[in-house]
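Report on the following structure.
What follows is calculated from the coordinates using simple rules that are stated; it is not laboratory data. Since the model is a prediction, treat every value here as computed from it, not as a measurement. Note that each Cβ is placed from the backbone with ideal geometry, even for glycine, and that neighbours are counted across all protein chains shown.
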Amino acid sequence: MSSIIQIRNLIFEYEKEEDGEPVRAIDGVTLDIEEGSFVAVIGRNGSGKSTLAKNLNGLFVPTEGTVLVDGWDTRDDEHIWEIRQTAGMVFQNPDNQLVSSIVEDDVAFGPENLGVEPSVIRERVDMALSSVRMGEYRHKAPHQLSGGQKQRVAIAGVIAMRPKCIIFDEPTAMLDPRGRRDIMKIIQQLHEEGITVILITHFMDEAVRADRVIIMDKGRVLLDGTPAEVFSRRERMLEVSLDVPVAVEIAAALRSRGIDVPEDVITPEDMVEFVCQYR
Ligand code: ADP
C-alpha cells in the first residue's frame, strides 16, 4: 500500500486577531495516510482536527514541516489544482458549499472549473447524483432540500471531481439521525469503491466504522491505531474527556461483572454477536 498523503513534522500557527501573536493549532504531526484507507480523526473541541483537515488539501499551508498530497507539496502553488482535485473536502455546513441555484449546476461546478469536457461533465454529474441517491432532485433548488439532502449534493459535487481522497470535516454535525445515517452509508460506499476517506467526527459510533482511528489532543496525535486498539484504551480516552463507543462502555461494564468480553467488541453488531454466542 502506498501513501496518498504524507505529513511530516507539521506545525500550523494562526495569528491572534488582537495582537498578531501566534496560536499553535498543530504542534508537530507526522502521519502517512494509506491510499484506499478509511481514517477517522477524533478529539475534543480545539484539538486541531479542523486545522489538520485544511492542511490536507492546500487550503492551509504548513507554518513548518511538509504535507505531500499524491506526491505534490501543498506549498507548491503551481500544483494547487492537482492537489484540490486529488483531495476533495466536505464541510460541516452544506449551505457554505452550494454555489448554484440548481442542484445539477452545483454538482457540475467543480468539474467545470477543472476544464472537463461538457459531455463528460454531464456523465459525471449523473453518476455523482445517483451515487448519493439525489438524481430525482437534479432540477430542484438547493433551498428546497433538507440539510441531509444538501449535504448529499455537496458530496456529489466533490465526487464529480473524481478525487482519490475525500476529507469530511464533521459532515453530519448539523444533521438529524436519519440524515447522519444516509451520509455514513455514502461514506462507507465511497470507501468500498476505493476512495481514501478521512472523516473528522465527534460521533464515536461513526469512528468505529473506520479502519484506523487517530485521536488528536492539543495539536498532537495522542493515539493512532485500529478502532479496537484505540477504543480498548478506554481510560486514556476518558482522561482526555472523550466518550467511548457505546459497545465499549457496555463491554467494560460486563467485564467489571466478571464476563470476559474480547477487546475487539467495539460496534453494536460486535456486541450482539458476542452476546448471542455467550453461554
Ligand atoms: P477542532 O477542529 O479540533 O475543534 P481547530 O482546528 O478548529 O480544532 O482549532 C485548533 C486551535 O486553533 C484551537 O485552539 C482554536 O482556538 C485555534 N484556532 C482555530 N481557528 C483559529 C483562527 N482562525 N484564529 C486563531 N486561532 C484559531
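Less than 5 angstrom separates the built amide H of residue 41 from those of 199, 200, 201, 214, all sequence-distant by 5 or more or on a different chain.
Counting only Cα atoms, the chain measures 64, 48, 40 Å along its principal axes, largest extent leading. Structural descriptor for the range 146-230: relative contact order 25 percent, calculated from alpha carbon pairs under 8 angstrom and at least 6 residues apart.
Restricting attention to the chain, lysine pairs at least eight places apart or on different chains and with alpha-carbon atoms under 25 angstrom apart total 16. Listed values for the range 103-119 are Karplus-derived 3J(HN,Hα) couplings in whole Hz (6.51 cos²θ - 1.76 cosθ + 1.60, θ = phi - 60°), namely 3, 5, 5, 4, 5, 6, 4, x, x, 4, 5, 7, x, 6, 3, x, 5, and x replaces Gly and Pro.
Taken over the range 142-250, the alpha-carbon convex hull comes to 120 cubic angstrom per residue. Between residue 236 and residue 96, the distance separating the two model label sites (each 7 Å from Cα on the Cα→Cβ line) works out to 3.1 nm.
Global size of the range 1-125: 16.6, 52 Å for Rg and Dmax (C-alpha atoms, Rg to one decimal, Dmax whole).
Mean residue ellipticity at 222 nm, helices only, the chain: -10500 deg cm²/dmol; runs of at least 4 DSSP H residues each add -39,500 (n - 2.57), and the sum is divided by the number of residues. The stretch between residue 59 and residue 143, if pulled fully straight at 0.36 nm per residue, gains 27.6 nm over its current Cα-Cα span. By how many degrees, between 0 and 90 and to the nearest 10, does the Cα long axis of helix 268-277 differ from the longest principal axis of the chain? Orientation of helix 268-277: about 40 degrees from the principal axis. Measuring between their Cα centroids, the range 7-33 and the range 49-115 lie 19 Å from each other. The equivalent ellipsoid that matches the C-alpha gyration tensor of the range 167-206 spans semi-axes of 17, 12, 8 angstrom, in descending order. Here the relative contact order of the range 1-139, from alpha carbon pairs under 8 Å that lie six or more residues apart, stands at 19 percent. Extension gain, residue 224 to residue 174, is 15.3 nm, computed as 0.36 nm per intervening residue step minus the present C-alpha separation.
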